[in-house]
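One structure is given here, and the rest of the page talks about it.
The values are calculated or read from the model by the stated rules, or taken from the named source; none is laboratory data. It should be emphasised that the depicted structure is a prediction, and the values quoted were computed from it without experimental measurement. All Cβ positions, glycine included, derive from the backbone under ideal geometry; neighbour counts span all protein chains shown.
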Amino acid sequence: MEPARGAAVAMSRLEESLARLKGSRRKLAGAILSESPETYHLSSHDLARRYGVDAATVIRTVQALGYGRFAEFAADLRRHFIHTVTPYTILRQVSRDRGTAADLVRRSLKTDADTVRALGETLRADDVVDAARRIRAARRVAIVGVDLAASLAEFLAYGLAVLGIDASAPVGSSGNLLHRVHLLGRRDLLIAISFGRCLQQTVTAMLQADKAGVPTLAITDSPESPLARDARRTLLCSVESPAVTGSYAAPMALMNAVLVACARLGLRRSLRTLDEKDRQDHAGMRWHGNDELREETPP
């Protein structure tokens, strides 16, 4: 199997293979597919424990689907999950949990903690530093995030601007977004943020930038996502969560790491920029109580 095969092809193979199975194997494979938000990341042993069978049964079922190795099946299951997950499918899966609301709250917090922990274990610090160097070297940085991911784009743009980096998060219609991307050049950088199947506007913006020779960096959750397949460089983080919105705990941790690296690589410039900002904030009305402090300060 070719790793670059699209989600639609993966779904077609899974559905056609499932139709050929019978009895307990079909029931097991069908359950794994229908519960992909809960199963796509599990090993054969984890699946065996989940469905009360032995690992050999899982392997034989996978082979009956036409896969030579479990890893090949797991890759297609991941593609299937990315292509089919929606807020409805997430909530439907959560609704099958017999726990209380408090149980789900604890599960949500644990999932967030687990995704951040997994990020720390899998993310290479050198990749973050490389991204920070490219951000620092760019004349301008445009950060594209659409819909809920706009909050991430705005956060990262704000953090970079605080460090004295010319960064912005274009908002508005798809036309406005593409016009802004059209203004970028080879000395600039476009950062695209989207997860799962990825939003069309974000992918289109990145493809337009790449076609114009603009360096691109993707922040997404899978090497199989449309952004990861086409971006020049990619940083991966999970958004897995029982919440219908997904979770931005890991993406926020990732962006904090990028900001830390950017600040350290341009330490003198960052200190100079922040010192000037502190002076302006102290003299202005940014913080509550500044006006009282000025009145109390003797001339």
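Test Ala142 against the criterion of being surrounded by 15 or more Cβ atoms within 10 Å (Cβ to Cβ) and either without any contact (Cβ under 8 Å) to a residue 40 or more places away in the chain or outside any helix (DSSP H, G or I) (or both), and give yes or no.
The answer is yes for Ala142.
Residues being assigned to a loop (DSSP other than H, G, I, E, B), within 15 Å of Thr216 (Cβ to Cβ) and within 14 Å of the chain's Cα centre (by Cα): count how many of those fall in the stretch 231-245.
1
Could you check, for the stretch 32-43, whether at least one of its residues is at pLDDT 85 or above and of a type in the set (A, V, I, L, M)?
Within the stretch 32-43 (the criterion being at pLDDT 85 or above and of a type in the set (A, V, I, L, M)), the answer is yes, since at least one residue qualifies.
To keep it simple, each residue is scored yes or no on (1) at pLDDT below 90; (2) outside the structural domain of Leu265 (by TED's automatic domain parsing); (3) hydroxyl-bearing (Ser, Thr, Tyr).
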{"position": "Ala142", "(1), (2), (3)": "no, no, no"}
{"position": "Gly145", "(1), (2), (3)": "no, no, no"}
{"position": "Phe155", "(1), (2), (3)": "no, no, no"}
{"position": "Ser174", "(1), (2), (3)": "yes, no, yes"}
{"position": "Leu177", "(1), (2), (3)": "yes, no, no"}
{"position": "Ile191", "(1), (2), (3)": "no, no, no"}
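The conditions are (1) at pLDDT 90 or above; (2) within 26 Å of Asp76 (Cβ to Cβ), and Met255 fails exactly one of them. Which is it?
(2)
Within the stretch 213-232, track down each residue that is surrounded by fewer than 20 Cβ atoms within 10 Å (Cβ to Cβ), modelled with pLDDT under 95 and either over 16 Å from Phe81 (Cβ atoms) or in the same structural domain as Arg79 (by TED's automatic domain parsing) (or both).
Result: Arg229, Asp230, Arg232.
Does Ser270 qualify as being small (Gly, Ala, Ser), over 12 Å from the mean Cα position of the chain (by Cα) and farther than 18 Å from Asp126 by Cα?
When the stated conditions are applied, Ser270 passes them.
Output the qualifying pairs, or none if there are none: Cβ atoms under 7 angstrom, residues six or more apart or on different chains, first residue in the stretch 212-227 and without any contact (Cβ under 8 Å) to a residue 24 or more places away in the chain, second residue part of a strand (DSSP E or B) and hydrophobic (A, V, I, L, M, F, W, C).
The qualifying pairs are Pro223/Leu236.
Can you say whether Ala261 is surrounded by 14 or more Cβ atoms within 10 Å (Cβ to Cβ), modelled with pLDDT under 95 and touching a helix residue (DSSP H, G or I) at 6+ places or on another chain (Cβ under 9 Å), as far as the supplied structure shows?
When the stated conditions are applied, Ala261 does not pass them.
For residues in the stretch 34-46 being touching a Phe, Trp or Tyr at 6+ places or on another chain (Cβ under 9 Å) and either in the same structural domain as Thr245 (by TED's automatic domain parsing) or of a type outside the set (Gly, Ala, Ser) (or both), which is surrounded by the most Cβ atoms within 10 Å (Cβ to Cβ)?
Tyr40
Could you list, in sequence order, all residues of the stretch 163-193 that are touching a Pro at 6+ places or on another chain (Cβ under 8 Å) and either in contact (Cβ under 8 Å) with a residue 60 or more places away in the chain or of a type outside the set (Val, Ile, Thr) (or both)?
Asn176, Leu177, Arg180, Arg186, Asp188, Leu189, Leu190
Say whether the condition of being under 20 Å from Ser247 (Cβ atoms), part of a helix (DSSP H, G or I) and of a type in the set (A, V, I, L, M) is met by at least one residue in the stretch 173-188.
We begin by selecting, within the stretch 173-188, every residue under 20 Å from Ser247 (Cβ atoms); these are none.
Within the stretch 173-188, none of the residues are under 20 Å from Ser247 (Cβ atoms), part of a helix (DSSP H, G or I) and of a type in the set (A, V, I, L, M).
Just wondering, is there one or more residues in the stretch 281-297 that are at pLDDT 85 or above, surrounded by fewer than 20 Cβ atoms within 10 Å (Cβ to Cβ) and either farther than 20 Å from Ile191 by Cα or in the same structural domain as Leu160 (by TED's automatic domain parsing) (or both)?
The answer is no; no qualifying residue exists.
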